[in-house]
Amino acid sequence: MTMEEDTPYAVEIKSLGKTYPASGKRPPVEALKNVDLAIPKGSMFALLGPNGAGKSTLINILGGLARKTAGAARIWGYCIDAQARQSKASIGIVPQELNLDAFFKPRKLLELQAGLYGVPESERRTGELLKAVGLSAQADAYARSLSGGMRRRLMVAKAMVHDPPVLVLDEPTAGVDVELRHALWDHVRALNKRGTTVLLTTHYLEEAEELCDRIAILHKGQVVANEEKTTLLRRLDSKEITLTLDRDIWQVPEALDAFAPQRLGPRTLRLRYAPSKATSGQLLDIVREAGYGLIEVSTREADLEDIFLKLTGTD
Ligand code: ADP
Ligand code: MG
C-alpha cells in the first residue's frame, strides 16, 4: 500500500519546529513552534500572517530549502525526509524572492527546469505552460525585459514544469500592482479548478479572503487559527453599525452601553453587536426611543482584519 492513496491531505505537518541557530550577537530564532497543519487535496489554502510569522520558513522546509529542527511533514503522502525525491516531485514552489537570471528567456528557463526535474522531452509542456500564464508572446524575450508581474507568472510556470499536484506560492503578489494581482489570481484559480492543490502565503488579508477556501493564521511561529474561511468569518460574530443622527449627542443612551458605543463626531455614533444576539433593527429602535432621528446608517461585516486582531490579541 502506498501512502499517497490513504491520505486525503496534500500536505500534512506534525509538530513542526524550526530554530535558526545563534549567529554573532544574534540569539537563536524560534521561527516555528509545534506547528500542526493538514491541507486537504484540491483545496485553495491560505497561510496568513504578518511579516516574520514564519511563513517562508515553513514553505522552505516543505521544498527542502531549509531544514526543520523538530517534527515531521509529508507531501502527497511522501515523507520529506525518508522519501525526499518523491515529496520534491510532488510540490512546486514559487519563492518569495524572485531571483531570475536576467539573460534567460522564458522558454529556455522552462526547458532547463524540466531537464533538472528529469521530465523527458516528449512530456514537456513548455508552450502550453507559457500560454497558461499569458507569456506566449514573450517566450523568447530576455527575462530582464519582463515586467514584475510577468516575472512572477514565469516563476509560476517554472514551478509547474514537473506537473506537481501541489503548488505553493510564497507571497505571490507582494510588490505586484493591483491589476496584475487580479490577473495572477485568475491564473491561480484556473490551476486550482484543474485539480492542483494551492497553498499560498500572504500578509494581505484581502488576498486570503478573495482567493482561498481555507485559512490558517500563523503568528510568531504558531498556528492560531485553521478553518474554513466562512467559519472563520462567522466565528467572529461581530458587526459594526455607524449612525448619523439629526442632532448632537449629549449623552449616549444607557440602553446602548452593551454595544460598545463610540462617538466618532458630535452626531456620529458607532456601535458593535453580535448578529447572533441582536439585530440592527433593535439598535435603531433604542436610538429612536431616546428621541433621535436617523440621517444615515451604515453597517460593516467583520473582515479578516478584525479576526486577525481578535485572534492575535494585538488590538
Ligand atoms: P515570514 O515569511 O512569515 O515573513 P520568515 O519565515 O521569513 O517569516 O521568518 C520567521 C522568523 O525567522 C523571523 O524572525 C526571521 O527574522 C527569522 N529568519 C528567517 N530566515 C532566517 C535565517 N536564514 N536565519 C536566521 N533567522 C531567520
Ligand atoms: Mg516570507
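As a summary of the residue check, Asp101 satisfies the conditions (1) closer than 24 Å to Ala174 by Cβ; (2) within 16 Å of ligand 1 (Cβ to nearest atom); (3) among the charged types (D, E, K, R) except for the one numbered (2). For Leu65, indicate whether it is among the hydrophobic types (A, V, I, L, M, F, W, C), within 16 Å of ligand 1 (Cβ to nearest atom) and surrounded by 15 or more Cβ atoms within 10 Å (Cβ to Cβ). So Leu65 fails the test. Ser43: farther than 19 Å from Gln96 by Cα, touching an Asp or Glu at 6+ places or on another chain (Cβ under 8 Å) and modelled with pLDDT of 95 or more, yes or no? So Ser43 passes the test.
Here the range 91-129 is the region considered, the condition is being surrounded by 15 or more Cβ atoms within 10 Å (Cβ to Cβ) and polar (S, T, N, Q), and the residue that is nearest to the chain's Cα centre (by Cα) is Gln96.
State yes or no: is Gly64 at positive phi and touching a residue at least 40 places away in the same chain (Cβ under 8 Å)? So Gly64 does not fit the description; no. Counting only residues that are among the polar types (S, T, N, Q) and free of Cβ contacts under 8 Å to residues at least 12 places away in the same chain, how many does the range 254-283 have? Here the count works out to 3. Search the range 36-62 for residues being within 14 Å of ligand 1 (Cβ to nearest atom) and small (Gly, Ala, Ser), and hand back the single one that is farthest from Thr312 (Cα to Cα). If we take residues in the range 36-62 being within 14 Å of ligand 1 (Cβ to nearest atom) and small (Gly, Ala, Ser), then Ser56 is farthest from Thr312 (Cα to Cα). Hey, does the range 114-127 have a residue that's away from ligand 2 (no atom under 16 Å from the Cβ) and under 29 Å from Leu37 (Cα atoms)? Checked against the condition, which is being away from ligand 2 (no atom under 16 Å from the Cβ) and under 29 Å from Leu37 (Cα atoms), the range 114-127 yields at least one hit.
For the range 228-253, a tally of residues being in a loop (DSSP other than H, G, I, E, B), surrounded by 13 or more Cβ atoms within 10 Å (Cβ to Cβ) and in contact (Cβ under 8 Å) with a residue 24 or more places away in the chain returns 3. So for the range 30-37 (the condition being closer than 28 Å to Glu209 by Cβ, within 16 Å of ligand 2 (Cβ to nearest atom) and at pLDDT below 95), does at least one residue qualify? No, that holds for no residue.
A single member of Ala102, Ala157, Ala141 is in contact with a helix residue (DSSP H, G or I) (Cβ under 9 Å, 6 or more places away or on another chain) and either among the basic types (Lys, Arg) or in a helix (DSSP H, G or I) (or both), and it is Ala157. Can you tell me which residue is farthest from ligand 2 (Cβ to nearest atom) among those in the range 51-75 that are over 21 Å from the mean Cα position of the chain (by Cα) and either assigned to a strand (DSSP E or B) or β-branched (Val, Ile, Thr) (or both)? Here the answer is Ala72. The residues on offer are Lys18, Lys14, Lys33, and the sole one that is more than 14 Å from ligand 1 (Cβ to nearest atom) and part of a strand (DSSP E or B) is Lys14. Checking each residue in the range 184-206 for being modelled with pLDDT under 85, more than 16 Å from ligand 2 (Cβ to nearest atom) and either surrounded by 14 or more Cβ atoms within 10 Å (Cβ to Cβ) or not in a helix (DSSP H, G or I) (or both) picks out Leu184, His187.
The values are calculated or read from the model by the stated rules, or taken from the named source; none is laboratory data. If you're wondering where the values come from, they're calculated on a predicted model, not measured in any experiment. Note: ideal-geometry Cβ built from the backbone for every residue, glycine included; neighbour counts use all protein chains shown.
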